1. Which order results if Met210, Met202 are arranged by neighbouring Cβ count within 10 Å, fewest first?
2. Among all the lysines, which ones have a C-alpha under 28 Å from Lys87's C-alpha, if same-chain residues fewer than 8 places away are not counted?
3. If I fit a long axis through the Cα atoms of helix 13-24 and take the longest principal axis of the Cα atoms of the chain, what angle between them do I get, 0 to 90°, rounded to 10?
4. Could you give me D for the chain, from Stokes-Einstein at 37 °C and 0.692 mPa s, where the hydrodynamic radius is the Kirkwood radius over C-alpha pairs? Units µm² s⁻¹, please.
5. Taking Cα atoms, how many degrees apart are the long axis of helix 77-88 and the longest axis of the chain, rounded to 10 and kept between 0 and 90?
6. Separation between the Arg126 and Asn195 pseudo-spin-labels, each 7 Å from Cα along Cα→Cβ, expressed in nm?
Amino acid sequence: MQRKPVILLGAGGHAKVLLDILLEQNTEILGIAEKDGVERPKDLFGVPIIGSDSDVERYSPSEIELVNGIGSIGSTALRKRVYEKFKALGYRFRQVIHSSAVISRRAVLGEGVQVVAGAVINIGARIGENSIVNTNASVDHDCVLGAHVHIAPGVTLSGGVTVGDGSHIGTGANVVQGVCIGKGVIVAVGAVVLNDVEDGMMVCGVPARMKI
């Protein structure tokens with residue numbers, strides 16, 4: 001089955017990483033949409049900037065797929081809003097997976113999941129829709145990630161870890177086996193999480209404790 005062309009939402013750093021993957025995979029890219037009020041070039045690595053989100057809606061959901069190029073620094077809220085806006089309009093989001101990522105055939109990835117260079121996802125893992133597993137991150141056996149989660153570069157999730165919707169696990173953090181991280185949690189850069197974390201908390205340090 002022939003794949004539909006895509007439009008990339010966003011032109012920031014995470015979008016560039018995804019664009020590189022798409023170009024290496026010879027994906028047909030119609031253009032890039034950037035939000036209003038942002039100064040933007042005419043193109044990004046030869047791919048045209050076609051306008052803003054409203055310009056995407058000129059294309060029927062039956063004609064294209066979308067790639068969510070919005071990353072997260074601490075909060076995944078904007079990424080989630082954009083995803084849910086276009087899902088409500090009937091659009092679908094394509095998974096983007098780097099050729100160097102190692103993903104078990106017995107892992108399950110939701111719609112729009114993005115797995116970047118060097119990432120590892122092991123057997124029994126489940127990754128919710130619109131989530132990111134970033135550069136050199138490791139998601140071990142039987143981990144369960146909710147929707148709109150960002151696993152930042154260099155993170156290690158040991159076996160059986162649960163991460164709730166909308167949580168951000170910061171660069172280089174480590175989470176030991178069986179820990180449950182709630183919804184909307186921020187785990188700071190380099191933290192070592194040894195115990196469960198409740199919804200909405202921010203934890204940091206070694207071992208990780210609630211930030212006051």
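What follows draws every value from the coordinates through simple rules; no lab data is involved. The structure presented is a predicted model; accordingly, all values stated were derived computationally and were not measured. Ideal geometry is used to build each Cβ from the backbone, glycine not excepted, and the neighbour counts take in all protein chains shown.
1. Details: Met210 11, Met202 18.
Neighbour counts put them in this order, fewest first: Met210, Met202.
2. Lys87 reaches Lys4, Lys16, Lys35, Lys42, Lys183.
3. 60 degrees
4. Details: Rh = 17.3 Å.
D, rounded to a whole number, is 189 µm²/s.
5. Roughly 50 degrees between the two axes.
6. Taking the simple label geometry, Arg126 and Asn195 are separated by 2.8 nm.
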